[in-house]
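Beneath this line is the structure, given in structure tokens, with notes to follow.
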């Protein structure tokens, strides 16, 4: 972690990652980048549907490969790069046939390392193989939910999914939330853990840094008037005054189950996450 000298009140306590020790390339690979429309919390009518989003520094989109459909072709990590659109680091992989793709960088990997995707790939961090070939207790990331559908689980910085059991054509996975879920044993997953595991230790430090990230201010409900929020009003600081916690629109939150009773994936969830 990078700790700053307290030259200003905003610098005091601010932390970050020392990118000079981690990254090996400053500019992204041009053919794998494009412009895109940022998610600024507005719908197609321009109305705010998600609050506290908007602004921020302009970003380039990096086309990261989550399908890994180049099987049995070895690849070498050419560079380690920063991606402003995700918490994990990405790496430029050069396949033996000459094609380059961006992939997520696993923990403790660096430029020059190799990986391969295939049913007979060795159990080495970064390699990718079907879940039925992964021993119980192994940590994996970039896990598919449907065969060939691309990685959906275990993609953020420092996360991993643990293989708990293999039975009846399904693999039981324990997610970082504590949920235990069944996934088809023919789905692919990468061995290891996503890199940049120190991301959760970052202290943003000042409001301006949040604005650069596209995060707008949040006003507390208790600081509003009664017309604006169920918690509003009162002389001085008041408690929320309602039996259950509520949103600005009076919808109960904190403890009420919101999942649909007939959701298609209910049959695949063996144990719900702790709430």
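Read-outs throughout are calculated quantities, based only on the coordinates presented, and are distinct from any laboratory measurement. As the structure is a prediction and not an experimental result, all values here were calculated from the model. Note that we place each Cβ from the backbone using ideal geometry, even for glycine, and neighbour counts take in every protein chain shown.
Suppose a student asked you for the relative contact order of the stretch 145-275, using Cα pairs under 8 Å spaced at least 6 residues apart; what percent would you report?
Across the stretch 145-275, relative contact order equals 22 percent.
Over what distance in Å are the Cα centres of the stretch 232-268 and the stretch 167-183 separated?
A separation of 29 Å, based on Cα centres.
Would you mind pulling out the separation of the Cα centroids of the stretch 89-158 and the stretch 1-80, in Å?
Cα centres, the stretch 89-158 to the stretch 1-80: 20 Å.
How big is the equivalent ellipsoid of the stretch 210-267 along its three axes, where each semi-axis is √(5λ) from the Cα gyration tensor, reported in whole Å from largest to smallest?
Equivalent-ellipsoid dimensions as semi-axes: 29, 20, 8 Å.
Just want to confirm a number: the relative contact order over the stretch 68-186, from Cα pairs under 8 angstrom separated by 6+ residues, in percent.
Relative contact order comes out at 19 percent.
Please say if the stretch 1-96 is rounded, prolate or oblate, where rounded means a/c under 1.5 for a ≥ b ≥ c the square roots of the C-alpha gyration tensor eigenvalues, and otherwise the choice is prolate for a/b larger than b/c and oblate otherwise? Show your work: numbers first, answer last.
Numbers: a/c = 2.80, a/b = 1.19, b/c = 2.36.
Taking the square roots of the gyration eigenvalues as a ≥ b ≥ c, the stretch 1-96 is oblate.
Is the stretch 52-92 best put as rounded, prolate or oblate by its Cα gyration tensor, with a ≥ b ≥ c the root eigenvalues, rounded for a/c under 1.5, and otherwise prolate when a/b is larger than b/c, oblate when not?
prolate
Could you work out the Kirkwood radius for the stretch 160-249, taking every pair of different alpha carbons, averaging 1/r and inverting it, reported in Å? Mind showing how you got there, number by number?
Details: mean 1/r = 0.0550 Å⁻¹.
Kirkwood radius, the stretch 160-249: 18.2 Å.
Percent of alpha carbon pairs in the chain separated by more than 31 Å? Mind dumping the intermediate values first?
Numbers: 16292 of 37675 pairs.
That tail contains 43 percent of the Cα-Cα pairs.
With the alpha-carbon atoms as the only input, what is the per residue convex hull volume for the stretch 119-275 in Å³?
172 Å³
Among 189-198, 52-61, what's the highest-first ranking by average C-beta atoms within 10 angstrom per residue? Provide the component values of the computation, followed by the final result.
Working: 189-198: 21.8, 52-61: 13.5.
So the peptides 189-198, 52-61, ranked by packing, come out 189-198, 52-61.
Place the peptides 148-157, 63-72 in order of packing, highest mean first, counting for every residue the other Cβ atoms within 10 Å and averaging per peptide. Display every interim value, and only then the final one.
Working: 148-157: 17.0, 63-72: 15.1.
Highest mean packing first, the order is 148-157, 63-72.
What number, in percent, do you get for the relative contact order of the chain if the mean sequence gap of Cα pairs under 8 Å and at least 6 apart is divided by its residue count?
This gives 17 percent for the chain.
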